[in-house]
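Engineer: Have a look at this one.
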Amino acid sequence: MKILHTENSQGWGGQEIRILSEMRGMAARGHVLELACAPGARIEEEARRAGLAVTVLPIARKRLPGVLALRRFIAARGFDVVNTHSSTDSWLSALACASLRGAPPIVRTRHISAPVPDNAATRWLYTRATRRIVTTGEALKARLVRDNGFPAEAIVSVPTGIDLARFVPRAADVDAGALRARAGVPRDARVIGIVATLRSWKGHRYLVEAVAALGRADVVLLIVGDGPQRAALEGLVAGLKLGGRVVFAGNQGDVLPWLHAIDVFALPSYANEGVPQAILQAFACALPVVTTDAGAIGEVARDGDTALVVQKESAADLARGLARLLDDPGLARRLGENARALVRARHGHDAMLDAMEAVFRAAIARP
């Protein structure tokens, strides 16, 4: 198949990482992949670094030049299917294809659990202009059926797949202290870690407050990622006088060594989640995880089995969960082993690629 992915986002996070991971995997299976993105988007640089074909088009905003540019591009390239990922590029692609004779079908991937507007225009976009909808969790699919009345048979849940050959537990002969030292963390610290873009709904604020509430000098919080909330979080850390007990590592091209430096992984999101790949990566590394049931997280994070699930937006409950895992190595080990078994059984990279191939073929085959 010849597949076009479109993404107007200027940001960088799990959504963009999934797009490129899926494109690389499909290319390895013999498909032809191209990406259309907006000027100045980081995904352009990352796609080129990965050896993927990428074209910059004026699709950052919902304007006529973007429709026309996509229309010319799609007509010239002869794609079999178009996979859109954000609101703006979905609208522009839908209008471009609606005005083309013999246009390829559109598959719309919904990466987050934010509500979809319930109006005539949006219903046209999702039910007439789009051939298939992909969500990153069953809870997101259920919401589209329940709240928007979209047909369930046109929606498929495909969580992000993890490279199980790469994301593995830290080897017994690896010096965890050395990993921590390279991360700017004391060698003998107990490390709570999060890997996530610094957006409000990821819950970093509650994690910082929970670490302060623990009141333990041996505990360090390692924050991997960057984003619009960084200045606010740095101000919160200063206000709570946490000093060297919180380390901002910024964006990292390879998060695996950082995961291996962590004792307990936390993702206290309170909105907008599918099944986050950061949690699946932590699971694959057999890390004990504290999280919430935001979005579709509950589909993999089963309280007391694969993770500890705490209340959303509650630093106090989060602190209690973190303390349990820090103080009970048997519980931490059991959760980590169960979580790794779950990911290996259901969330490998090949499982995602198999599912997406089936979605694309069904979209192409439907009249």
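Engineer: Just Gly225, Gly149, Gly321 to compare: in a GNM of the chain, with alpha carbon springs under 10 Å, which one fluctuates most?
Structural biologist: Gly149
Engineer: Classify region 1-100 as rounded, prolate or oblate from the Cα gyration tensor: take a ≥ b ≥ c as the square roots of its eigenvalues, call it rounded if a/c is under 1.5, otherwise prolate when a/b beats b/c and oblate if not.
Structural biologist: Values: a/c = 1.89, a/b = 1.23, b/c = 1.54.
Verdict is oblate for region 1-100.
Engineer: Follow-up question, since we're still on this one. Please compute the length gained on full extension between Asp147 and Asn251, using 0.36 nm multiplied by the number of residues separating them and subtracting their Cα-Cα distance.
Structural biologist: 33.9 nm
Engineer: Using 16 Å as the cut-off for backbone N distance, which residues of region 343-366 belong to the label zone defined by a point 7 Å from the Cα of Lys2 along Cα→Cβ?
Structural biologist: Residues passing the 16 Å test: 364.
Engineer: Considering Cα pairs under 8 angstrom that are at least six residues apart, work out the relative contact order of the chain and quote it in whole percent.
Structural biologist: That works out to 15 percent.
Engineer: Given H placed on each backbone N at 1.01 Å, which residues far from Val219 in sequence or on other chains put an amide H within less than 5 Å of it?
Structural biologist: Excluding prolines and chain starts, which carry no amide H, the hits are Arg190.
Engineer: Using a Gaussian network model on the chain with a 10 Å cutoff between Cα atoms, which of Val82, Val145, Val156 fluctuates the most?
Structural biologist: Among Val82, Val145, Val156, the largest mean-square fluctuation in the Gaussian network model of the chain belongs to Val145.
Bear in mind that the values in this text are calculations on the coordinates, not laboratory data. Not measured: the values here are computed from a predicted model. A quick note on method: Cβ atoms are made from the backbone with ideal geometry, for glycine too, and the neighbour counts reach across all protein chains shown.
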